[in-house]
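Q: Sharing a structure with you now.
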Amino acid sequence: MKKYQYLFFDVDDTLLDFRHTEKRALERLFEQENIVLTDDIKGDYHRFNKGLWHAHERGEIGKEELLNTRFTEFFRLHGKQVDGLTMERSYRNFLSEGHEQLDGALSLIQQLSTQYDLFIMTNGVAQTQNRRLRDSGLFPYFKNIFISEETGFHKPMKAYFDYCFQRIDQFNCGKALIIGDSLVADIKGGLAAGMDACWMNVAKVANDTDITPTYEINKLVELLPILERREFIDS
Ligand SMILES: [Mg+2]
C-alpha cells in the first residue's frame with residue numbers, strides 16, 4: 001500500500017523558479033523606471049524582500065502592507081523617493097508573466113497526477129499565482145489550488161492547513177505529504193498540521209533551524225523514490 005495519497009506542493013522555488021521570475025521582473029521594472037539596476041541593488045532587494053516575507057510568515061506584517069510599502073521602503077533606504085504603489089503594480093504584472101519551471105516540474109507533475117491527488121498550497125497573490133500556474137501548464141493537474149490570499153490564512157498557520165484539509169473529500173492527514181522550499185512556511189507548518197514534509201533544498205543550504213523535515217531533496221525528481229516506498233501492514 002502506498003504511504004502517501006495526497007501531495008501538497010508549494011509553488012515558488014518548488015515548482016516554478018521564482019528567483020528567475022523575480023530577477024526578470026525586477027530588471028523590467030528598473031528599466032521602466034529608468035533606474036540603473038546594479039548587482040548590489042539586486043542583492044539588497046532580494047534580502048530586503050525575503051526579510052519582509054519571513055516577517056509575514058511570523059505574522060508580523062500583513063500581506064497588503066508588505067506589497068504596498070516594499071518599494072517605497074526599499075528606495076527610502078537607498079535615499080530615493082518613489083511612487084511605491086505604482087511600482088508594485090507594474091512589478092506584479094511583470095512577475096505574473098514569469099513561469100519558468102524548476103527542472104522538469106511539469107513532466108513530474110503530469111506523471112504524479114495519474115497516481116496521487118495533487119494540491120497547490122501557496123502564500124502568493126491569487127491573480128499572479130493563477131496566471132503563472134496556467135501559463136506554465138501545471139494548472140490542470142491539480143485537484144485544487146489553495147492560494148493563501150483567497151483563504152484569509154497563510155502558511156505556516158494551522159488554520160490555513162485546516163482550511164485546505166476540510167475541502168478535500170475523505171482526507172487522511174496520515175497519507176499526506178507537503179513539498180516545499182521554506183523550512184518555516186512549508187516544513188514547520190506541514191509538520192505542525194500533522195503531515196509529513198519534504199524540504200526542497202535546491203541551493204543545498206545548511207539547515208540551521210530546529211526544524212527537522214521528514215525528507216530532504218535537492219531536485220524534484222528525487223521525490224519519486226520517496227513516493228515509491230511502500231507501507232507494509234502486518235497481516
Ligand atoms: Mg516557496
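Q: Mind listing whichever residues of region 208-235 are among the aromatic types (Phe, Trp, Tyr) and either at pLDDT 95 or above or closer than 18 Å to MET195 by Cβ (or both)? Can you show your working first?
A: Keep residues of region 208-235 that are among the aromatic types (Phe, Trp, Tyr), which gives 215, 232.
Answer for region 208-235, where residues must be among the aromatic types (Phe, Trp, Tyr) and either at pLDDT 95 or above or closer than 18 Å to MET195 by Cβ (or both): just TYR215.
Q: What do you reckon, is SER136 away from the ligand (no atom under 16 Å from the Cβ) and small (Gly, Ala, Ser)?
A: The answer is no for SER136.
Q: Give me the pairs, please: first residue somewhere in region 180-204 and under 15 Å from ASN218 (Cβ atoms) and part of a loop (DSSP other than H, G, I, E, B), second residue anywhere and basic (Lys, Arg) and away from the ligand (no atom under 12 Å from the Cβ), beta-carbon distance under 9 Å, and either six or more positions apart or on two chains.
A: Hits for this filter: VAL202/LYS219.
Q: Right, something else. Could you pull out the residue among THR69, THR21, THR38 that is within 16 Å of the ligand (Cβ to nearest atom) and either under 28 Å from LEU223 (Cα atoms) or over 18 Å from the mean Cα position of the chain (by Cα) (or both)?
A: Going through THR69, THR21, THR38 in turn, the sole match is THR21.
Q: Look through region 197-216, keep the residues that are charged (D, E, K, R) and out of contact with any strand residue (DSSP E or B) (no Cβ under 6 Å at 6 or more places or on another chain), and return whichever of them is farthest from the ligand (Cβ to nearest atom).
A: Looking at residues that are charged (D, E, K, R) and out of contact with any strand residue (DSSP E or B) (no Cβ under 6 Å at 6 or more places or on another chain), I get ASP210.
Q: Now for a different question. Kindly indicate the residue of region 176-196 that is within 13 Å of the ligand (Cβ to nearest atom) and in contact with a helix residue (DSSP H, G or I) (Cβ under 6 Å, 6 or more places away or on another chain) and also farthest from PHE8 (Cα to Cα) among those meeting that condition.
A: VAL184
Q: Related question: Going through GLY43, GLY59 one at a time, which residue ends up being surrounded by fewer than 14 Cβ atoms within 10 Å (Cβ to Cβ), on the phi > 0 side of the Ramachandran plot and away from the ligand (no atom under 16 Å from the Cβ)? Please lay out each step first, then the result.
A: On the way: GLY43 fails: on the phi > 0 side of the Ramachandran plot.
Going through GLY43, GLY59 in turn, the sole match is GLY59.
Q: Tell me which of these LYS155 doesn't satisfy, since it passes every other one: (1) in a loop (DSSP other than H, G, I, E, B); (2) in contact (Cβ under 8 Å) with a residue 40 or more places away in the chain; (3) more than 16 Å from the ligand (Cβ to nearest atom).
A: Among (1) in a loop (DSSP other than H, G, I, E, B); (2) in contact (Cβ under 8 Å) with a residue 40 or more places away in the chain; (3) more than 16 Å from the ligand (Cβ to nearest atom), the lone unmet condition for LYS155 is (3).
The values are calculated or read from the model by the stated rules, or taken from the named source; none is laboratory data. Predicted model, so just to flag it, every value in this text is computed and none were measured. Note that we place each Cβ from the backbone using ideal geometry, even for glycine, and neighbour counts take in every protein chain shown.
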